[in-house]
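What follows is a single structure, written as structure tokens, with notes after it.
The values are calculated or read from the model by the stated rules, or taken from the named source; none is laboratory data. Values in this document were obtained by computation on a predicted structure and should not be read as measured data. Cβ atoms come from the backbone with ideal geometry, glycine included; neighbour counts cover every protein chain shown. Ligands, DNA and RNA are excluded from the accessible area calculation, which covers all protein heavy atoms including side chains. Shrake-Rupley method; radii C 1.70, N 1.55, O 1.52, S 1.80 Å.
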Amino acid sequence: MTSTPGTSGTRTLDVGVGDGSLASADMVLNIGPQHPATHGVLRLRVALDGERIVSADPVVGYMHRGAEKLFEVRDYRQITVLANRHDWLSAFGNELGVVLGVEAMLGMEVPERATWTRTLLAELNRVLNHLMFLGSYPLELGAMTPIFYSFREREEIQAVMEEISGGRMHFMFNRVGGLKEDLPAGWLDRVTAAVAAVRARMPQLEAMLVGNEILEARTREIGVLPPSLAEAYGVSGPIARASGVDLDLRRDAPYLAYGELFGDGGPGRVVTRTAGDSLARLEVLLEQTHVSLDLADACVERLRALPRGPINQRLPKVLKVPEGERYTATENPLGLNGYHLVSRGEKTPWRLKLRSASFNNVQVLAELLPGCLVADMVSVLGSMFFVVGDVDK
């Protein structure tokens, strides 16, 4: 009821709210391709109905370098340096798939010391990967402090990785037939000290994440990924295991020394959750870091017990792989990493197809984001733990 000036009475003004006669359309919004929460150059094309996402289309390819075609014009020694770059947080794991596949096609037996050292370095690289996301994901949600703690722990591991390989990011320490060179004197002692320091200080990082009511409010029951959808899209690694998909190649298809480490009485165990939400994915990553530290300690103990011996095999000047094909998959920090190698008996591969973990983990966003609020988009996106270079290859 409003009073109309200049009249003796009042009259009612009818105001239409949400008038059906007004045409409306969904808003299309581009997130990226330079968004700070995408771990690289990714673009999301989302359609919004108000504050709710109606559809989401991940647009990839902004970082595409054609790695698979570059593989085909490099010999088997040169491929490794290209292979370790697509997931820049998992360089050592990327190298492994290539050399393991070539060694299998050559029928080559790698020295035991090289096998256990590779396993140790793979787990240290896994810790580096997980610590990065344990710091960057809370940062994307607005918490700045955890990344300082996670990077402090990363530096402990980076120091020993740099000492043995000479690299902080692209280690290039694998070779067909073993490793580049033997372990530096006293290096195992420094690995033990670094692992112990990280394990002792991890509770400080955990105290900022576990039970944090703001973080839980932003992640619990947000971006729930059902196990059937994870399997349909080929999602793997910590993201799939957070949805209850109990798959880990280290246990299910052992390579290197994982058969013993994940066998009876070994320290290896597969971490899973059933909630499938953003919080569960973070919890899996956090617990897996502890498992990798345990595996690293076990590898150090075995290396101390092994006698001195070769760390690699002597190779011919021109390395040619017999004609045939082979698919080699490894459990990278972010999921299944596979190389399908096809050889025609030459010094370069005829075809080397890369199956990267992050590609599948990103494609499922098209199913995961619709229905979410815009405010929850970064919470879901960051919890998928991907590297865009691993998507674009």
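Sorted by packing (mean other beta-carbon atoms within 10 Å per residue), highest first, where do 372-381, 121-130, 279-288 land? List each step's numbers first, then the result.
Working: 372-381: 19.3, 121-130: 26.4, 279-288: 23.2.
Those peptides, ordered most packed to least, come out 121-130, 279-288, 372-381.
What whole-number distance in Å separates the alpha-carbon centres of segment 64-78 and segment 118-155?
30 Å
Against the longest alpha carbon principal axis of the chain, how many degrees, from 0 to 90 and to the nearest 10, is the axis of helix 278-305 turned?
Orientation of helix 278-305: about 10 degrees from the principal axis.
State, in angstrom, two size descriptors of segment 211-301 derived from its alpha carbons: Rg to one decimal place and Dmax to the nearest whole number.
Taking only Cα atoms of segment 211-301, I get Rg and Dmax of 14.6, 42 Å.
Write down the Kirkwood hydrodynamic radius of segment 242-381, to one decimal in angstroms, obtained as one divided by the mean of 1/r over all alpha carbon pairs.
18.5 Å
When the helices in the chain are scored as -39500 (n - 2.57) per DSSP H run of 4 or longer and the sum is shared across all residues, what 222 nm value do you end up with, to the nearest 500 deg cm²/dmol?
The helix-only estimate for the chain comes to -14500 deg cm²/dmol at 222 nm.
For the chain, set up a Gaussian network in which alpha carbons nearer than 10 Å are linked by springs, and say which option among Ala185, Ala91, Ala275 fluctuates the most.
Residue with maximal mean-square fluctuation among Ala185, Ala91, Ala275: Ala185.
Taking only protein heavy atoms and a 1.4 Å probe, what accessible area per residue, in Å², does the chain have with all protein chains in place?
The answer is 44 Å² per residue.
Between Ala366 and Asn212, take the C-beta separation as r, use R0 = 25 Å, and let me know the FRET efficiency to the nearest 0.05.
Working from the Cβ atoms, E equals 0.25.
Can you order the peptides 310-319, 187-196, 61-70 by their average number of other Cβ atoms within 10 Å per residue, highest first?
Top to bottom by mean Cβ count within 10 Å: 187-196, 61-70, 310-319.
Less than 15 Å Cβ to Cβ from Ala47, Lys/Arg counted +1 and Asp/Glu -1: what total charge do the surrounding residues give? Please report the intermediate quantities before stating the final value.
Numbers: positive: Arg43, Arg45, Arg52; negative: Asp26, Asp49, Glu51, Asp57, Glu367.
My count for the surroundings of Ala47 gives -2.
Taking mean projected area of the Cα convex hull in nm² as the quantity of interest, determine which of (1) 21.1; (2) 25.1; (3) 16.7 was computed from the displayed structure.
Computed from these coordinates, mean projected area of the Cα convex hull in nm² corresponds to label (2).
Under 10 Å from the Cβ of Pro184, count the other residues' Cβ atoms, weight Lys and Arg +1, Asp and Glu -1, and hand me the total. Before the final figure, lay out each step's value.
Numbers: positive: Arg190; negative: Glu163, Glu181, Asp182.
Net of charged neighbours comes to -2.
Compute the length gained on full extension between Leu319 and His64: take 0.36 nm times their separation in residues and subtract their Cα-Cα distance, giving the result in nm to one decimal.
Gain on stretching Leu319 to His64: 88.9 nm.
What list of ³J(HN,Hα) values in whole Hz, one per residue of segment 105-111 in order, does the Karplus curve 6.51 cos²θ - 1.76 cosθ + 1.60 (θ = phi - 60°) give from phi, with Gly and Pro shown as x?
6, 7, x, 8, 9, 8, x
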